[in-house]
Amino acid sequence: MEVVNELLKQMVTYTPIYTLSSLGLVLGGRAGIFNVSGEGTMLAAASAGYIVALQTGNWLLGILAAAAMGAAFGFTLVAIHETTKVSQFIIGISLVILGAGLSDLLYKLVLGVQLFIPEAPKVPEIRIPLLSQIPFLSAFINQNVVVYITYALVIFVYYLLYKTKQGLELRAVGENPKAADVVGINVTLTRYVTTTLGGALLGIAGGYLPLVVTGTYTPNMTNGRGFIAVGIAIFASWRPERTFLGAILFAAIEVVALQMQLSDTLIPYQFFLMTPFIGILVVMWLFKKKVEFPASLGKPYSRE
Amino acid sequence: MENSISSARLKQLWFLIRPYVFALGLAFLFTGVMLGLLGFNVWEAFKTLVTTSFSSRFQIVETFKKFTPLVLTTFAFAIPFQIKFFNIGSTGQMIMGGTIATILGLGISSIKMPSALAIILILTAAALTGAFYSLIAGALKAYHNINPIVSTIMLNFVAIQFTNFVATTPPWQAPLTGHPMSKELPEWMLLPKIFSELHVGFLIALGMVAFVYFIMKKTVIGYEIESVGHNLRAAEVHGINIKKTTLVTFFLGGMLAGLAGGIEVLGVHGRLVEGFAVTSGAEYGTFGTLTALISGAEPLAVPAVAFLMSILLNGADSLQRSLMVPVELVFLTQALIVILVVTMRERFKK
């Protein structure tokens, strides 16, 4: 019972990494921008968030710095694509590599080589009185601040996409930019705003790693999660509520794999560490008939 | 008369290289400013970056040794890219090739056979391993429409774990080493040297350049790949099997990456070492992707750009050693060059 609750809590703690990143991709994706740069965006944001939190001693500034770095990546992607119509995938892949270089460079330049890597101030937990006594439920609400923000963002993005006029317009841009343009929706502006905001969400997901999960920045600490987020967005058919479920699934896989790795089994631990990566392929394969894409996803739009 | 022809030629040439000149100029300007801001001697740094590779026989050989796997991983990306698919899994294909090469090499090390036979067997196994590993992503795309950007990357991470498993588990693991690595392969199995420390893998890589050029330009399959890349609908109407073409490009790409892994094991390390596919701070696969994008994935441009890239990578290593410039700065510059080159190419098209 105690063990299950502890595992459950750990799973919920990992959930924002996948939720925020794939939610960020969904935002831009629904307007037609396929952002594959998540891995690089998250890495650069992790580094920026860690450095700022460490230097200022303030976790909130760290999260904000991570969000700003993420937004900068999202903006760069959409700006280059919208002005030159260069393939979103080429820009995305280049940004992955740029982010990997930038993150280590920032770290080295600001902190140099250190024997003991200092821990950044961690995001505090909020315990809700009484409710946090209830088993299982407590795992979901005995959590750090970003988890609550994540819940709010899932609901917000869902509401935005399906219940507001702006959401309808946003989806129209992703489905049929020409028709959206004809009825007076600003296609370019919509793509800029959603991709930049989506980048900010990816950034928070990146900053979450050092500021909640590990406490420190290490090179390549995203470890493929930025690409798993792309997989989640795809098999969730670019829908925020399904994205959340997918994120929970992958947080669970990661936590279980970690536990199995520590336990004494005959199977070498490396095979447990493979499971998230094989898992995403299996899930994408299982859902291949059900997935839907915004019709203009990944395609450039110009008026002529 | 003669003069006007040559000036027209010059103009044509200028149009061709204009995007690259602007992109490189801007990227190096950025790097120069960064270096200056960080308090490095900019002139000294650029001189090291560019001239190191020509400074001694050792450095020339080092450059060729970097070129060998780099040109192969560049093609690993460039071939599927002909039909607009992204194989960013050359890292995984390369290390799987190297890992299987090691397992096979250690397995047959007690059998008496001519060196050449063993080398051919091992390199073939490495190439086929890479090919079939890449084919997983190709088949997932062709039959299940799963995005290769996701699948190839995921297979990279699986391969990294598999390599770690082999390098840390008996009977392959080398005893008493801190870093995960396998036992050494016997001397007679390693690639012979052709010049100083340069191994025969360099010639194999050059042979592969010719092979790819032949496939792409002189065979039916090359023509089909080009048609699909040019216009998918039209190719389909003309009866070209898109699925087959997809599988072939991934097979060929993975084959070259796997071969690169085998060559690195037999030519450079003599054993499986975790991280053997890393150079100048990142994987050969990553640099291959960058190189392919800069070269526009043109079969003839690939070796040229890969060679320039090897000079830059070798310079970057030296820069880190002598001036303590973080190698990531060069890495960053290269990603920047890619973005600038593709942007400029698009810009100057009109």
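The values are calculated or read from the model by the stated rules, or taken from the named source; none is laboratory data. Computed from a prediction, not measured in an experiment: that's the story for all the values here. Positions of Cβ are backbone-derived with ideal geometry, glycine not excepted, and every protein chain shown enters the neighbour counts.
Here's the yes/no breakdown for (1) assigned to a helix (DSSP H, G or I); (2) at negative phi; (3) of a type in the set (A, V, I, L, M):
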residue: B:176; (1), (2), (3): no, no, yes
residue: B:206; (1), (2), (3): yes, yes, yes
residue: B:211; (1), (2), (3): yes, yes, no
residue: B:226; (1), (2), (3): yes, yes, no
residue: B:233; (1), (2), (3): yes, yes, no
residue: B:249; (1), (2), (3): yes, yes, no
residue: B:253; (1), (2), (3): yes, yes, no
residue: B:263; (1), (2), (3): yes, yes, yes
residue: B:266; (1), (2), (3): yes, yes, yes
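Only residues that are among the aliphatic types (A, V, I, L, M), under 18 Å from residue B:342 (Cβ atoms) and within 13 Å of another protein chain (Cβ to nearest Cβ) were counted in segment B:276-308, giving 5. Counting only residues that are closer than 16 Å to residue A:174 by Cβ and in contact (Cβ under 8 Å) with a residue 60 or more places away in the chain, which one in segment A:231-251 is farthest from the other protein chains (Cβ to nearest Cβ)? Checked segment A:231-251; the qualifying residue farthest from the other protein chains (Cβ to nearest Cβ) is A:240. Residues of segment B:11-25 that are farther than 20 Å from residue B:290 by Cα and touching a residue at least 12 places away in the same chain (Cβ under 8 Å): B:15 alone.
Scanning segment A:104-149 for residues that are modelled with pLDDT of 85 or more, over 21 Å from the mean Cα position of the chain (by Cα) and of a type in the set (D, E, K, R) yields a single hit, A:119. For segment B:178-199, filtering for residues that are more than 25 Å from the chain's Cα centre (by Cα) and either part of a strand (DSSP E or B) or among the hydrophobic types (A, V, I, L, M, F, W, C) (or both) leaves 1. Within segment B:134-149, at least one residue is closer than 22 Å to residue B:81 by Cβ, at pLDDT 90 or above, away from chain A (no Cβ under 12 Å) and touching a Gly at 6+ places or on another chain (Cβ under 7 Å). Scanning segment A:179-197 for any residue that is more than 14 Å from chain B (Cβ to nearest Cβ), closer than 27 Å to residue A:54 by Cα and modelled with pLDDT of 95 or more turns up at least one such residue. Residues that are assigned to a helix (DSSP H, G or I) and in contact (Cβ under 8 Å) with a residue 24 or more places away in the chain within segment A:126-148 comprise A:138, A:139, A:140, A:146, A:147, listed in sequence order.
Which residue, of B:152, B:163, B:219, is among the polar types (S, T, N, Q) and either surrounded by fewer than 15 Cβ atoms within 10 Å (Cβ to Cβ) or without any contact (Cβ under 8 Å) to a residue 24 or more places away in the chain (or both)?
The conditions single out B:219.
On the basis of being within 14 Å of chain B (Cβ to nearest Cβ) and either surrounded by fewer than 16 Cβ atoms within 10 Å (Cβ to Cβ) or charged (D, E, K, R) (or both), does residue A:115 make the cut?
Answer is no for this residue.
When residue B:108 is tested against (1) crowded, with 20+ Cβ neighbours inside 10 Å; (2) in contact with a Leu (Cβ under 9 Å, 6 or more places away or on another chain); (3) hydrophobic (A, V, I, L, M, F, W, C), only condition (1) is not met. Answer yes or no: is there a residue in segment A:81-100 that is part of a loop (DSSP other than H, G, I, E, B), out of contact with any Phe, Trp or Tyr (no Cβ under 8 Å at 6 or more places or on another chain), under 30 Å from residue A:4 (Cα atoms) and more than 7 Å from chain B (Cβ to nearest Cβ). No: zero hits.
Scanning segment A:252-274 for residues that are among the hydroxyl-bearing types (Ser, Thr, Tyr) and within 12 Å of chain B (Cβ to nearest Cβ) gives a single hit, A:269. Got a number for residues in segment A:73-89 being touching a helix residue (DSSP H, G or I) at 6+ places or on another chain (Cβ under 6 Å) and at pLDDT below 90? The total comes to 2.
The C-beta contact set for segment B:332-349 (first residue within 8 Å of another protein chain (Cβ to nearest Cβ), second residue among the hydroxyl-bearing types (Ser, Thr, Tyr), distance under 7 angstrom, 6+ apart or interchain) comprises B:335/A:94; B:338/A:94; B:339/A:94; B:343/A:84; B:346/A:84; B:347/A:84. Against the numbered list (1) in a helix (DSSP H, G or I); (2) touching a Leu at 6+ places or on another chain (Cβ under 7 Å); (3) among the aliphatic types (A, V, I, L, M); (4) within 13 Å of chain A (Cβ to nearest Cβ), residue B:325 comes up short only at (1).
Residue-by-condition table, conditions (1) among the hydrophobic types (A, V, I, L, M, F, W, C); (2) surrounded by fewer than 24 Cβ atoms within 10 Å (Cβ to Cβ); (3) within 17 Å of residue A:222 (Cα to Cα):
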position	(1), (2), (3)
A:18	no, no, yes
A:30	no, no, no
A:40	no, no, yes
A:46	yes, no, yes
A:50	no, no, yes
A:56	no, yes, no
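When the test is whether a residue is under 20 Å from residue B:62 (Cα atoms), crowded, with 18+ Cβ neighbours inside 10 Å and touching a Leu at 6+ places or on another chain (Cβ under 9 Å), residue B:267 passes it.
Residues in segment A:199-229 that are part of a loop (DSSP other than H, G, I, E, B) and β-branched (Val, Ile, Thr): A:216, A:218, A:222.
Residue check: is residue A:211 surrounded by fewer than 16 Cβ atoms within 10 Å (Cβ to Cβ) and among the hydrophobic types (A, V, I, L, M, F, W, C)? The answer is no for residue A:211.
Residue check: residue B:6 meets all listed conditions (1) farther than 30 Å from residue B:211 by Cβ; (2) in a loop (DSSP other than H, G, I, E, B); (3) of a type in the set (Ser, Thr, Tyr) but one, namely (2). Scanning segment B:25-60 for residues that are under 29 Å from residue B:258 (Cβ atoms) and crowded, with 20+ Cβ neighbours inside 10 Å turns up just one, B:53.
In segment B:74-105, the residue that is surrounded by the most Cβ atoms within 10 Å (Cβ to Cβ) out of those that are within 15 Å of the chain's Cα centre (by Cα) and of a type in the set (S, T, N, Q) is B:93.
I'd like to know if segment B:85-97 contains one or more residues that are within 14 Å of chain A (Cβ to nearest Cβ), under 22 Å from residue B:207 (Cα atoms) and either among the small types (Gly, Ala, Ser) or without any contact (Cβ under 8 Å) to a residue 60 or more places away in the chain (or both). Scanning segment B:85-97, I find at least one residue that is within 14 Å of chain A (Cβ to nearest Cβ), under 22 Å from residue B:207 (Cα atoms) and either among the small types (Gly, Ala, Ser) or without any contact (Cβ under 8 Å) to a residue 60 or more places away in the chain (or both), so the answer is yes. Being not β-branched (Val, Ile, Thr) and not assigned by TED's automatic domain parsing to the domain that holds residue B:257 is a property that residue B:320 lacks. The single condition among (1) aromatic (Phe, Trp, Tyr); (2) within 22 Å of residue A:157 (Cβ to Cβ); (3) assigned to a helix (DSSP H, G or I) that residue A:34 does not satisfy is (3).
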